[in-house]
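Here, each number is a calculation from the coordinates, and none is a lab measurement. All of these numbers come straight from a predicted model, not from anything done at the bench. Don't worry about glycine lacking a Cβ; one is built from the backbone with ideal geometry, like all the others, and counts go over all protein chains shown.
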Amino acid sequence: MQWLEAGRKLDTMSCETSVRIRWGASALALVVGNMLALAAYAHHSFAMYDQSKQETMTGKLTRFIPGANHAQLIFEVVGQDGKTQVGPDGKVVVWGIELGPAATIAQQGVTVEAFQPGTLITVTLNPLRNGKNFGAMASGARLIKCGMTIPTGGCTDKTGEVFLQSRDGFGTQRVQQPGQ
């Protein structure tokens, strides 16, 4: 009988130990999960952009950088006449804009193939707070594509294709195409 009682005590201790291990593992998973969520949230913060300012500009695309988290368009700013703008330092004025994930915006037609270097675009962005020539697509803004030459009247939603209009500025739908 003693061996039966010893076996029961062992079973009880194993059960208690098992419960403690499970609770510990659950607590650890919760802590790690929260840390990962906070890291992801921090990565997607737009605090570096001045969301109280919006700048709309037209430019000639020089580079499309697809990215898993955020794609970027790099462009030379052009005037109403289509001529590249030059800054006070005598250099061409170059800007960049951060969009949504490449896979998401590709579903809306914004791809490397569709936006080749030389394509004229108009964008509205929230500029960086530090004054550098880069920004994030402004909330409710649109990306307008106007081909390789400035249309009469400029590159606008009336003269080009409109892409990525959404509440968050990162594109949830394609708005229109010529002929629609």
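Restricting the search to the stretch 131-146, which residues are part of a strand (DSSP E or B), touching a Leu at 6+ places or on another chain (Cβ under 7 Å) and without any contact (Cβ under 8 Å) to a residue 40 or more places away in the chain? Steps first, please.
Taking the stretch 131-146 and keeping what is part of a strand (DSSP E or B), we get 134-137, 143-145.
Subsequent filtering for residues that are touching a Leu at 6+ places or on another chain (Cβ under 7 Å) retains 134-137, 143.
Across the stretch 131-146, the qualifying residue is only 134.
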- Pick from 137, 148: which is within 20 Å of residue 63 (Cβ to Cβ) and loosely packed, with under 15 Cβ neighbours inside 10 Å? 148
